[in-house]
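First up is the structure itself, then whatever we jot down about it.
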Amino acid sequence: MRYIYSTVGAAYGRIASDSQQRTDAEKAVKFNSLTFEIARKLDKDGPSWENMANLGDDTLLLAELNREEAGFQKALKLHRDAYAITEKLNLPDATAYMDLKLARTLQHYAKAELPSVTKNERIAMLEEAINLAEGVKPLFEQTGTALYLRMTNGVLGEANGQLISLRQSN
């Protein structure tokens, strides 16, 4: 069942990413959550970093569509936990990938401009996002990973623009 849920969750995740539709994002979260729960119960090490990354991505999209802070917090936790696993397992490429995911999540969280998130908290998120993205950019340039380099440059451009705007506002 885990393989089926994981495959369906990943497929809905790609569909949701393209469609930006709430129902697609909800299905992606549902199936990736089922995969996460099965791994949590059956695997001695718990869910994989890949499952956490996928569930975090889908949770982030759903949080954006619903403008729901709890979703942003959950996505950030999932991505931080996935990052910690890649570090513990000494997986440099996976850690770099999760640096990018964390940077993107932080940038999107700050961009949501949720009323409960202060200006200083948003600035801190953006500064962390920029540091993470700048840290992995040389690796993606060196390895020629065009997609990740584009994503990194997108995060850097958005985060720097948001940061400038925040600092200029009263």
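Details
- Charge dipole of segment 51-144 (Cα centre as origin; +1 on each Lys and Arg Cβ, -1 on each Asp and Glu Cβ, all else neutral): 120 debye, rounded to the nearest 20.
- Environment charge at Tyr83 (Cβ cut-off 9 Å; Lys +1, Arg +1, Asp -1, Glu -1): -1
- Between the helical axis of 69-88 and the longest alpha-carbon principal axis of the chain there is an angle of about 70 degrees.
- Two-site FRET efficiency, Ser165 against Ala70, from Cβ-Cβ distance with R₀ of 35 Å, rounded to 0.05: 0.85
- Relative to the longest principal axis of the Cα atoms of the chain, helix 92-111 runs at roughly 60 degrees.
- Taking the Cα centre of the chain as origin and assigning +1 to Lys and Arg Cβ atoms and -1 to Asp and Glu Cβ atoms, the resulting dipole is close to 260 debye.
- Solvent-accessible area per residue, Å², over segment 32-107 with all protein chains present [probe radius 1.4 Å]: 47
- Counted charge near Pro115, where neighbours are those whose Cβ lies closer than 13 Å (Asp, Glu -1; Lys, Arg +1): -1
- Binning the C-alpha pair distances of segment 67-148 at 10 Å intervals from 0 yields a P(r) profile of 19, 46, 28, 7 %, listed from the shortest bin outward.
- For Lys111, a cut-off of 27 angstrom between C-alpha atoms picks up these lysines, skipping any fewer than 8 places away in its own chain: Lys27, Lys30, Lys74, Lys77, Lys101, Lys119, Lys137.
- Candidates Gly157, Gly71, Gly13: whichever shows maximal mean-square fluctuation once the chain is modelled as a Gaussian network with Cα springs under 10 Å: Gly157
- Debye-sum result for the chain in log10 I(q)/I(0), which assumes one identical scatterer on each alpha carbon, at q = 0.15, 0.17, 0.20 Å⁻¹: -0.85, -1.07, -1.36
- Segment 1-52-segment 103-165 distance, computed between alpha-carbon centres (Å): 24
- Estimated Rh, segment 1-52: Kirkwood, alpha-carbon pairs, angstrom: 10.9
- Compared with the dominant Cα axis of the chain, that is its longest principal axis, helix 49-66 is turned about 60°.
The values are calculated or read from the model by the stated rules, or taken from the named source; none is laboratory data. Please read all numbers here as calculations on a predicted model, not as lab measurements. Virtual Cβ from ideal backbone geometry, glycine too; neighbours counted across all protein chains shown. Heads up: the accessible areas ignore ligands, DNA and RNA and are worked out on the full protein's heavy atoms, side chains in. Shrake-Rupley method; radii C 1.70, N 1.55, O 1.52, S 1.80 Å.
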